[in-house]
Amino acid sequence: MIEFSHVSKVYKGVKALDEVSFTVGPGSITGFLGPNGAGKSTAMRVLVGLCRATSGSATVLGRPYAELDRPGFQVGTLLDAAAQHPGRTGREILTLGAMTLGLPRSRVDEVLDLVGLSGKESRRTVGGYSLGMRQRLGIGHALLGRPAVLVLDEPANGLDPQGVQWMRGLLRGLSDAGCSVLLSSHLLHEVERVADRIVMIGRGRVLAQGTVEELSRGR
Ligand code: ADP
Ligand code: ADP
């Protein structure tokens, strides 16, 4: 569902990605684990066409993102929850997203319910949300079009332990329904109990990949 093949990215002399190759299979939850600066965001941005690879290719559902027929319904992304429009309420942000996809307003209520923001979304604008609430909103936004693939950059950042547990349940449910998920984190504990596979990245290179059990044995 997602395939990185020898992807490299150089920013003015900084090698952010160095021959990154891995795949995320159908229904898999893959944790993309590495310290800050490892290249996780860059890889995800290359995947969804926000940044050009210097070499190599990244595809989703068998094609470069830019060539998908209905990307908004095929791939849901959360790339930077902190960057959400601070002056709008969560409901406004989701309503705009739903309108863009041509979805009925009822989908906004379904999504608010799914991410646990029902009743809280309009009390204040996003600028007054906690980071955890922004993450929930961002995940909801990614889910609007019922995508087959989810790309979530640090979705657990700012969630409290109950929030991390909630996210685990949500992602497991989505994966049981066939959704493929790539989620990044710099913290092993955020991904090890939800991911069926882990890709470890450091300084732009894939250091190891496999199931949590396989990686534990290799330690
Ligand atoms: P992560 O998401 O794992 O924290 P990033 O992909 O954000 O890692 O960053 C990988 C490397 O690329 C870092 O060294 C970072 O400083 C550098 N980098 C990221 N974005 C840019 C940019 N727009 N211009 C220059 N360097 C960048
Ligand atoms: P060190 O030897 O420096 O303590 P480790 O080999 O323990 O380093 O871990 C290096 C990185 O790999 C860390 O970011 C850690 O979170 C991660 N890591 C270690 N073991 C596993 C595992 N079984 N599964 C996934 N990630 C792991």
Neighbour-limited loop hits for trypsin sites (Lys or Arg not before Pro), the range 37-98 (at most 13 other Cβ within 10 Å; DSSP other than H, G, I, E, B):
52
Could you tell me the convex hull volume per residue, in Å³, taken over the Cα atoms of the chain?
118 Å³
Proximal aspartates and glutamates to residue 9, defined as alpha-carbon separation beneath 12 angstrom and excluding residues fewer than eight positions away on the same chain
18, 19
For q = 0.12, 0.25 Å⁻¹, what log10 I(q)/I(0) does the range 138-219 give under the Debye formula with an equal point scatterer on each alpha carbon and no solvent?
-0.36, -1.36
The rounded separation in angstrom of the Cα centers of the range 45-86 and the range 148-191 is 18 Å
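Which of the peptides 208-216, 77-85 is most tightly packed, and how do the rest follow, judged by the mean count of other Cβ atoms within 10 Å per residue? Numbers along the way, then the final one.
Values: 208-216: 14.0, 77-85: 17.2.
Packing order, densest peptide first, comes out as 77-85, 208-216.
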Table column - 3J(HN,Hα) (Hz), the range 150-159, Karplus curve with 6.51, -1.76, 1.60, x for Gly and Pro
10, 10, 10, 8, 6, x, 8, 4, x, 7
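Rounded to the nearest whole Å², what accessible area per residue is found for the range 1-89 with the 1.4 Å probe? Working shown, then result.
On the way: 4330 Å² over 89 residues.
That works out to 49 Å² per residue.
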Residue by residue through the range 30-40, the couplings from Karplus 6.51 cos²θ - 1.76 cosθ + 1.60 with θ = phi - 60°, in Hz, x for Gly and Pro, are 10, x, 10, 10, x, x, 4, x, 5, x, 4
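With Cβ to Cβ distances under 15 Å as the rule, what net charge do the other residues near residue 102 carry (K, R +1; D, E -1)?
Values: positive: 70, 105, 107, 146; negative: 69.
Within the 15 Å Cβ shell, the charges total +3.
Okay, helix-only estimate at 222 nm for the chain: each DSSP H run of n ≥ 4 adds -39500 (n - 2.57), divide by all residues, round to 500 deg cm²/dmol; what do you get? Intermediate values should be presented prior to the final figure.
Numbers: 8 runs with 73 residues, N = 219.
About -9500 deg cm²/dmol.
The values are calculated or read from the model by the stated rules, or taken from the named source; none is laboratory data. Fair warning: this is a prediction, and the values are worked out from it, not measured in the lab. Note that each Cβ is placed from the backbone with ideal geometry, even for glycine, and that neighbours are counted across all protein chains shown. Protein only, heavy atoms only, side chains kept; ligands, DNA and RNA dropped before computing areas. Shrake-Rupley method; radii C 1.70, N 1.55, O 1.52, S 1.80 Å.
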